[in-house]
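The block underneath contains the structure these notes are about, expressed in C-alpha cells.
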Amino acid sequence: MSEKMKGKNTKAIHSGQHPDPIFGAVMTPIYQTSTFAFKSAEDGAKIFKGEKSGYIYTRLGNPTTVALEECVTELEDGYKSLATSTGMAAVTTVYLSLLSSGDHMISTDAVYGPSRVVMEKDLSRFGIESSYVDTSDLENIEKAIKPNTKMVYIETPANPTLKLTDIEGCAKICNDKGIKLVVDNTFASPILQNPLKMGADIVIHSMTKYLNGHSDVVAGIIVTKNEDDYKKIKHMLTYLGGTIDPHQAWLVLRGVKSLGLRVERACKNAMKVAEFLESHPKVERVFYPGLESFPQYDLAKKQMKDFGSMISFIVKGGLEAGRKLMNSVQLATLAVSLGGIETLIQHPASMTHSSVPKEEREASGISDGLVRISIGCEDVEDLISDLENALSKI
Ligand SMILES: *Cc1c(COP(=O)(O)O)cnc(C)c1O
C-alpha cells in the first residue's frame, strides 16, 4: 500500500500504522514496556544475533516508536528514521555519530542557539572544530571549506530572521567533496520542504514543534538516506541513550495525523498577518518568506511548498516598543517555542537571544525591536485584531 500513498496528508495519517494484530485496535497501541519476552531461549538468541526480527529492550527499539519513525520517514522520503527524546538529542546524536576528533564542520551562523553551544563549547573539547558563516550566500560555505571539513549543518528558514539557504546549491557543493549535508528542517516541517530530495544526507526535526503540534511534548527525530548513516546513528543513539519513550512517541504520532491540516491553515493565517503587519505604520519591517519584499522570495518559492507560519517583524521604537507589544497582546501567548496549534509571540533580544552580545545580535539581523511570532490555527481575524490592538498601545 505504501507505494500508492503519494499525498502528504495520506502519509501523515496512515504511514507506519497497521491495525493491532491481537485485538484489531485501529490506533497504534502504546507499548509501554521496557522489555520484551522471548518465546524461547533459542528465539531470544536469534533475535540478539539479528537472525530473526523482534524487540528486545525499549532503548533499542519499541513498536510504538517504530510506527512514528516509519511515518516520518515516508513524509521526508527517507531510508529510515530514529526518534529521540528531544530535538537536541537528535542534534547531538548526529554530531557524535558523524564527526571525529580532528574533523571540522561548517554551520549556518543563525543556527538554533543550543546546537551552536554544543559545537563551540563542548565538541571543541574533543578536538572537533566548527565555523559559522552566513549560508544564505553559498560562496561563504565554499570559502570556509577545509581539507578536514566533514559536515555542513544548515537550518532553513533560520531562527529568527527566517533567512533561507539554498539546499540544492548547498548539496552540490557538499556531495562533490564527500561532505555530509545535515538540514535542521524544524522551521519548515516535512509538509513544506523535503531536503533529502534536494540532495541533503540527513534531516533533523525537533518534533516538539510542528510534528507534534500541540505544545505538550518534547521530542526529536533523525531521518537518514542510506543504511550506512542509519547504522552509525542508531549505534550512537542506542549507546548515548537519547531514545524516545513509547508514550511520548504515541502522543507525537497522534499529533502528526493533523500535520498537513495544521500547516496549511497556519500558512494561510501567516500570509494574512504578514500583509497586515507590512501595511501597519508602527511596523518598520516584516520578515516573511511569502512577502515579495522578502529578499529571498524567489528561493522560498522554489524550495518550499508554502511559506511557513513564522513571522519576524521590527516595531518602531526598539526594545521599549517590543516590550510594550508583548505586554499588550491578549490572544497570542507570550512564550518561546513554535509550531503549535496556538499563536506564540516572543522577543528574541530579551529572551531567546539575550545571551548573544548586542553587537553580534545586530550583525545577524536581530535588532532590539525584532518580535518573533509563531502563527497558529486560530481565526485570522482574531489574530489580526489582537495585534492591531497591541500595536495601538505603543
Ligand atoms: C526547538 C528547536 C530545536 C531543539 O529541539 P528541542 O525539542 O527543544 O530539544 C532544534 N532546532 C530548532 C530549529 C528548534 O526550533
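Worth a mention:
- Rounded to the nearest 20, the Cβ-based charge dipole of the chain about its Cα centre (Lys and Arg +1, Asp and Glu -1) stands at 640 debye.
- Where only C-alpha atoms are counted, convex hull volume of segment 264-335 per residue in Å³: 101
- Under 5 Å from the amide H of Tyr132 lie the amide H atoms of Ser107, each residue being 5 or more positions distant or on a separate chain, with H modelled from the backbone and absent for Pro and chain starts.
- Distance between the modelled labels on Ala37 and His214, one decimal in nanometres: 3.2 nm (7 Å Cα→Cβ projection).
- Straight-line reach from Lys209: taking Cα to Cα under 18 Å and skipping same-chain neighbours fewer than 8 places apart, the aspartates and glutamates in range are Glu69, Glu76, Glu155, Asp184, Asp245, Glu264, Asp306, Glu342, Glu378.
- Across segment 168-286, the mean sequence separation of Cα contacts (distance under 8 Å, 6 or more residues apart), normalised by length, yields a relative contact order of 19 percent.
- Relative contact order %, segment 259-392, counting alpha carbon pairs below 8 Å whose residues are six or more apart: 29
- Where the Cα pairs of the chain fall when distances are cut into 10 Å bins, in %: 5, 23, 31, 24, 12, 3, 1, 0
- Working note: Cα gyration tensor of segment 290-394, eigenvalues times five, square-rooted, sorted largest first, giving semi-axes of 21, 20, 13 Å.
- Residue (of Gly127, Leu75, Met105) at the positive-pole extreme of segment 65-177, dipole from beta-carbon charges: Gly127
- Eligible lysines near Lys46 by straight Cα distance, threshold 26 Å, same-chain separation 8 or greater: Lys80, Lys231, Lys232, Lys234
- About its Cα centre, the dipole of segment 7-59 is roughly 220 debye, where the only charges are +1 on Lys and Arg Cβ and -1 on Asp and Glu Cβ.
- Cut-off under 5 Å, modelled amide H: who pairs with Asp103 long-range: Glu129
- The chain - percent relative contact order, Cα under 8 Å, separation 6 or more: 16
- Using only Cα coordinates, the Kirkwood hydrodynamic radius of segment 1-100 works out to 15.7 Å.
- Projecting the Cα atoms of Tyr95, Leu60, Leu138 onto the charge dipole of segment 26-139, computed from C-beta unit charges around the Cα centre, puts Leu60 farthest toward the positive end.
- When peptides 203-214, 231-242 are ranked by their average number of other Cβ atoms within 10 Å per residue, the highest-first order is 203-214, 231-242.
The numbers here are math on the coordinates, done by the rules we state, and not lab data. Not measured: the values here are computed from a predicted model. Glycine gets a Cβ as well: all are built from the backbone with ideal geometry, and neighbour counts include every protein chain shown.
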